[in-house]
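First up is the structure itself, then whatever we jot down about it.
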Amino acid sequence: MELCKISEPDDGTLEKARLELASGRLVAFPTETVYGLGADAENEVAVAAIYTAKGRPSRNPLIVHLADMSLVERYAELTPEARMLAERFWPGPLTLVLKRKADCRASSLVSAGGETIALRVPRHPVAQRLLAGYGRGVAAPSANRSGRISPTQAAHVVEEFSGLSEGPSLILNGGATQIGIESTVLDCSGDMVSILRSGSVTEEEIRAVLSVKTYMAEDDGSTLLAPGMLASHYAPQAPVRLNITEVYPGEALLAFGVTTLTAEVMRNLSPSGNLEEAAHVLYACLRELDHLHPKTIAVMPIPENDIGVAINDRLRRAAANK
Ligand code: TXA
Ligand code: MG
């Protein structure tokens with residue numbers, strides 16, 4: 001494959017992107033969380049190409065992205081709880097895992113052969129414009145090779161797939177993604193709703209929509225149930241050391257808030273201690289530090305509240321043994 005090009009998302013390019021999708025090719029596009037690697041969700045061969053391009057295990061299902069709620073009925077059964085959540089948080093960084101409809105038109109590969117399907121209506125204007133003109137769902141995992149750091153800039157997508165024979169035929173530019181961390185994934189396919197992956201939509205916000213009876217809390221962040229939530233994920237090449245209080249020679253420092261710690265190579269996720277800013281720059285900072293091949297990336301403690309829960313979840317997986 002020739003090196004995939006970054007394209008500005010004007011009307012002509014968006015139309016070209018839709019034609020690429022309709023012909024079974026892959027298109028990378030920005031969402032408000034991270035960049036996605038999209039394929040027509042109803043085209044088995046195209047969805048299979050996502051798994052090949054990412055080197056993704058086939059047991060790890062994909063999120064199908066929709067322009068709006070009217071497309072849900074093409075694919076899934078919406079429970080009353082799921083409808084309330086969708087009405088509150090869509091378009092936005094929330095993914096709902098639902099029962100597939102009996103006559104679901106999506107490829108069974110997006111469900112990894114199972115009976116559920118994950119749906120999301122993203123709110124990024126480029127994703128919205130792409131999907132609005134398409135009329136079908138677009139399956140899109142994060143546009144990185146399996147197990148690696150998710151891309152939050154178009155250039156990261158190029159980095160992931162350059163030199164490989166498979167990858168997106170087009171990358172739509174949307175600048176740096178606003179949130180910077182993947183969507184919250186909720187299992188709504190049973191009687192109870194549970195969080196499979198933390199994100200910027202927090203547990204408190206979800207609880208505020210649901211009755212006590214329908215929400216099932218997790219014990220802690222380490223036992224999430226999404227099939228793709230492997231212990232090691234979102235990982236740079238360098239080992240990652242968490243909750244550090246000192247920095248050793250040869251280590252790169254990933255700081256947070258005001259600190260007296262220093263290192264030859266360091267980034268601060270948010271000098272003012274703002275968690276949203278930290279999430280926004282987290283993956284770009286990890287990539288930059290990783291490029292310098294440090295002995296270890298040493299990460300200061302991050303508060304475990306709001307989007308800090310999701311930041312810590314991703315950092316734990318980045319630090320897990322490969
Ligand atoms: O923010 C996001 O969610 C981004 C953007 C592109 O939308 N996408 C993303 O996709 O992070 P991916 O494939 O990297 O992560 C999807 C997560 C995985 O952990 C996967 O196992 C889980 O969602 N998932 C997908 N379908 C599922 C299903 N039917 N049941 C349970 N978990 C599912
Ligand atoms: Mg991913």
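What follows is calculated from the coordinates using simple rules that are stated; it is not laboratory data. Treat the numbers as computed from the prediction; the structure is a model and nothing was measured. Neighbour counts are summed over all protein chains in view; Cβ atoms, including those assigned to glycine, are modelled from backbone coordinates with ideal geometry.
Quick notes on this structure:
- Segment 288-296 - phi-based ³J(HN,Hα) in whole Hz, Karplus 6.51/-1.76/1.60, Gly and Pro as x: 4, 5, 4, 4, 8, 6, x, 4, 8
- Along segment 179-195 the Karplus relation, 6.51 cos²θ - 1.76 cosθ + 1.60 evaluated at θ = phi - 60°, assigns HN-Hα couplings of 7, x, 10, 4, 4, 5, 10, 10, 8, 10, 8, x, 6, 10, 9, 9, 8 Hz to successive residues, with x for each Gly and Pro.
- Ellipticity estimate at 222 nm from DSSP helix runs (n ≥ 4, -39,500 (n - 2.57)) divided over the chain, nearest 500: -8000 deg cm²/dmol
- Size of charge dipole - the chain - debye, nearest 20, with Cβ of Lys, Arg +1 and Asp, Glu -1, no other charges: 600 debye
- Short-range pairs are left out: with C-alpha atoms under 8 Å and at least six residues apart, the relative contact order of segment 38-104 is 28 percent.
- Note, ³J(HN,Hα) from phi for segment 8-21, Karplus 6.51, -1.76, 1.60, rounded to Hz, x at Gly and Pro: 6, x, 7, 4, x, 5, 5, 5, 4, 4, 5, 5, 4, 4
- Residues whose amide H lies under 5 Å from that of Met266, counting only those 5 or more places away or on a different chain, are Leu253; hydrogens are built 1.01 Å from N in the peptide plane.
- Rel. contact order, % - alpha carbon contacts under 8 angstrom, at least six apart, the chain: 20 percent
- Label-reachable residues, segment 114-132, where backbone N falls under 18 Å from a point 7 Å from Asp10's Cα toward its Cβ: 126, 129-130
- Of all DSSP beta bridges in the chain, antiparallel share, percent nearest 5: 45 percent
- Among beta bridges identified by DSSP and lying wholly in segment 37-144, the antiparallel ones come to about 75 percent.
- Label-point separation in nm, Ala22 to Asn321, each point 7 Å along Cα→Cβ: 5.2 nm
- Computed on segment 1-64, with alpha-carbon pairs under 8 angstrom and 6+ residues apart, the relative contact order is 19 percent.
- Nearest 10 degrees, 0 to 90: helix 44-54 Cα axis against the chain principal axis: 10 degrees
- Basic side chains Lys and Arg get +1 at the Cβ, acidic Asp and Glu get -1 at the Cβ, and with that the dipole of segment 16-81 about its Cα centre reaches some 440 debye.
- The modelled label-to-label distance between Thr259 and Leu242, using points 7 Å beyond Cα along the C-beta direction, is 1.5 nm.
- Lys295-Thr52 pseudo-label distance in nm [points 7 Å out on the Cα-to-Cβ vector]: 4.3 nm
- Counting only residues at least eight positions apart within a chain, or on another chain, the aspartates and glutamates with an alpha carbon under 18 Å from that of Lys16 are Glu2, Glu8, Asp40.
- Against the chain, whose longest principal axis is taken from its Cα atoms, helix 308-319 shows a tilt of about 80°.
- Residue (of Ala82, Val72, Ala140) at the positive-pole extreme of segment 1-160, dipole from beta-carbon charges: Ala82
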